[in-house]
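The values are calculated or read from the model by the stated rules, or taken from the named source; none is laboratory data. All of these numbers come straight from a predicted model, not from anything done at the bench. Glycine also receives a Cβ, built like all others from the backbone with ideal geometry; neighbour counts cover every protein chain displayed. Protein only, heavy atoms only, side chains kept; ligands, DNA and RNA dropped before computing areas. Shrake-Rupley method; radii C 1.70, N 1.55, O 1.52, S 1.80 Å.
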Amino acid sequence: DAGVIQSPRHEVTEMGQEVTLRCKPISGHNSLFWYRQTMMRGLELLIYFNNNVPIDDSGMPEDRFSAKMPNASFSTLKIQPSEPRDSAVYFCASSLDRDLGYTFGSGTRLTVV
Amino acid sequence: AQKVTQAQTEISVVEKEDVTLDCVYETRDTTYYLFWYKQPPSGELVFLIRRNSFDEQNEISGRYSWNFQKSTSSFNFTITASQVVDSAVYFCALTLQGGSEKLVFGKGTKLTVNP
């Protein structure tokens, strides 16, 4: 079991550029979560999917953020255009309904300059 | 809505001291699950424990122990004989039901264990 895999681990980009973060959940898990961690706001949920369907995207900051889950083994979080205030660590997590374990990826540290 | 409060922002102790991290939660549901995660300086989130609302038994795992009290809506975490390697940010979290529901996190408590 390779765990939840996120890429890239680090991303530095210039303001205004498009950024795409990627996540591969654990095989067989049917729920996927995107979290953002900042010093000011802590760990906040951005969006989560169940069986590839977005269930709650109320945490998505604004229209510049979008997330997709085209299949059970892949999800993306896109920021377009990026801004310096988007700098944070973005975590992806997955879980299985019958099992209450939430497994987190190693995170993507995004820096927008 | 669910809420998790970790009132202690930072705690500093000397090695071998016992330390308790507080967690208070809010929910109107009768079925819920509580978690503790550890985030060491390397940044990953490490699962420590999961407890459901119907099981108020305290749990001990080595130097770690957890005290769940529904009467006070608290799920406190104690580290006995702390070690430098325990230095990390610890998060308490709540979810309402199965793994399809979101985890709501507290703000975390940064624990520093000094030699």
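Quick check: is even one residue across the stretch B:74-90 outside any strand (DSSP E or B), within 14 Å of another protein chain (Cβ to nearest Cβ), farther than 23 Å from A:GLN37 by Cα and among the polar types (S, T, N, Q)?
Filtering the stretch B:74-90 for residues outside any strand (DSSP E or B) gives B:80-87.
Pick out the ones that are also within 14 Å of another protein chain (Cβ to nearest Cβ) and you get none.
The answer is no, given that none of the residues of the stretch B:74-90 is outside any strand (DSSP E or B), within 14 Å of another protein chain (Cβ to nearest Cβ), farther than 23 Å from A:GLN37 by Cα and among the polar types (S, T, N, Q).
The set of residues from the stretch A:62-113 being within 14 Å of chain B (Cβ to nearest Cβ), within 11 Å of the chain's Cα centre (by Cα) and aromatic (Phe, Trp, Tyr) comprises A:TYR90, A:PHE91, A:PHE104. With respect to the conditions (1) touching a strand residue (DSSP E or B) at 6+ places or on another chain (Cβ under 6 Å); (2) at pLDDT 95 or above; (3) surrounded by fewer than 16 Cβ atoms within 10 Å (Cβ to Cβ); (4) not basic (Lys, Arg), B:VAL85 falls short on a single one, namely (1).
Could you list all residues from the stretch B:1-47 that are among the aliphatic types (A, V, I, L, M), outside any loop (DSSP other than H, G, I, E, B) and surrounded by fewer than 16 Cβ atoms within 10 Å (Cβ to Cβ)? The answer is B:VAL14, B:VAL46.
For the stretch A:1-36, a tally of residues being under 22 Å from B:LEU103 (Cβ atoms) and hydroxyl-bearing (Ser, Thr, Tyr) returns 3.
For the stretch A:75-113, taking the residues that are among the charged types (D, E, K, R) and in a strand (DSSP E or B), the one that is most open to solvent (accessible area, probe 1.4 Å) is identified as A:ARG109. Given (1) open to solvent by less than 30 Å² (accessible area, probe 1.4 Å); (2) under 13 Å from A:ILE79 (Cβ atoms); (3) touching a Ser or Thr at 6+ places or on another chain (Cβ under 7 Å), where does A:GLU11 come up short, assuming only one miss? Exception for A:GLU11: condition (1).
Quick grid of which residues meet (1) in contact with a Ser or Thr (Cβ under 9 Å, 6 or more places away or on another chain); (2) of a type outside the set (Asp, Glu); (3) away from chain A (no Cβ under 11 Å); (4) on the phi > 0 side of the Ramachandran plot:
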{"position": "B:GLN6", "(1), (2), (3), (4)": "yes, yes, no, no"}
{"position": "B:ILE11", "(1), (2), (3), (4)": "yes, yes, yes, no"}
{"position": "B:THR20", "(1), (2), (3), (4)": "yes, yes, yes, no"}
{"position": "B:GLU26", "(1), (2), (3), (4)": "yes, no, yes, no"}
{"position": "B:LEU34", "(1), (2), (3), (4)": "yes, yes, no, no"}
{"position": "B:SER42", "(1), (2), (3), (4)": "yes, yes, no, no"}
{"position": "B:GLN57", "(1), (2), (3), (4)": "no, yes, yes, no"}
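Taken over the stretch A:13-25, the criterion of being part of a strand (DSSP E or B) and either at pLDDT below 95 or within 12 Å of A:ASP86 (Cβ to Cβ) (or both) is satisfied by A:THR13, A:VAL19, A:LEU21.
Against the definition (open to solvent by 70 Å² or more (accessible area, probe 1.4 Å) and within 27 Å of B:TRP36 (Cα to Cα)), how does A:PRO54 come out, yes or no?
Values: open to solvent by 70 Å² or more (accessible area, probe 1.4 Å): yes; within 27 Å of B:TRP36 (Cα to Cα): yes.
The answer is yes for A:PRO54.
Every condition in (1) open to solvent by less than 70 Å² (accessible area, probe 1.4 Å); (2) in contact with a Leu (Cβ under 6 Å, 6 or more places away or on another chain) holds for B:ARG50 except the one numbered (1). Scanning the stretch A:59-74 for residues that are in a strand (DSSP E or B) and not polar (S, T, N, Q) yields A:PHE65, A:ALA67, A:LYS68, A:MET69, A:PRO70, A:PHE74.
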